[in-house]
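Participant: Please read through the structure below; I'll follow up with questions.
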Amino acid sequence: MRRSRTASGLVAGALVLPILAAPVDAQAPSLSMLDQMAKGLWEVRVRGGEEPTRRVCLGNPRSLIQLRHHDLACARVVVNDKPGEVTVQYTCKGKGYGRTHIRLENPSLAQIDSQGIDGGLPFAFAAEARRIGPCAG
């Protein structure tokens, strides 16, 4: 009788292990879609005119994930990593958090939706990012 309990325990454990291992694989995506974005000077225009148009010298496209918390080191979790779009949630300890979705239309044009909390206040915006030329100097 003990052998059958042990054997059934091993079978049950073998069934659970792949389920537990699945989230680990989901945490290591490459965000390779962002690497397809052209380097250079980009203009980020928020729809609705709530915020001024911003120009960003884009050396690392991952900086578009944290437009609102751009100067902070934040922990990130990739929610979605597909060939044409990514969604990343980030937390800046004691400073706020955000969730950003970026959809690449072509290497020089992307759509960005972001929302979260900054300085204790909520934010949400939709923007278009477009490469406008090389970075100056």
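Quick note: the coordinates plus some simple rules give every number you see, no bench work behind them. Everything numeric here is computed off the predicted structure, so don't read it as measured data. Here Cβ is always computed from backbone atoms with ideal geometry, including for glycine, and neighbour counts include all displayed protein chains.
Participant: Give the cross-link partners of K39 among the aspartates and glutamates, using a straight C-alpha distance below 19 Å as the criterion and excluding same-chain residues fewer than 8 apart.
Facilitator: In chain and number order, the partners are E85, E105, E128.
Participant: Quote the FRET efficiency, to the nearest 0.05, computed for I132 versus A73 with a Förster distance R0 of 30 Å and r equal to the Cβ-Cβ distance.
Facilitator: 0.60
Participant: Using only the Cα atoms of the stretch 30-133, build the gyration tensor, take square roots of its eigenvalues as a ≥ b ≥ c, and label the shape rounded, prolate or oblate: rounded if a/c is under 1.5, else prolate if a/b is larger than b/c, else oblate.
Facilitator: Oblate, since a/c reaches 1.5 and b/c is not below a/b.
Participant: Can I ask one more? Test of understanding: what is the full-extension gain from T91 to E50, defined as 0.36 nm times their sequence separation minus their Cα-Cα distance?
Facilitator: 12.4 nm
Participant: Note the full-extension length gain between N60 and L109 as 0.36 nm times their separation in residues minus their Cα-Cα distance, in nm to one decimal.
Facilitator: Working: separation 49, 0.36 × 49 = 17.64 nm, distance 1.51 nm.
Difference between extended and current length: 16.1 nm.
Participant: Please list, in order, the residues from the stretch 92-110 whose amide nitrogen is less than 12 Å from a point placed 7 Å along the Cα→Cβ vector of N80.
Facilitator: Residues passing the 12 Å test: 100-104.
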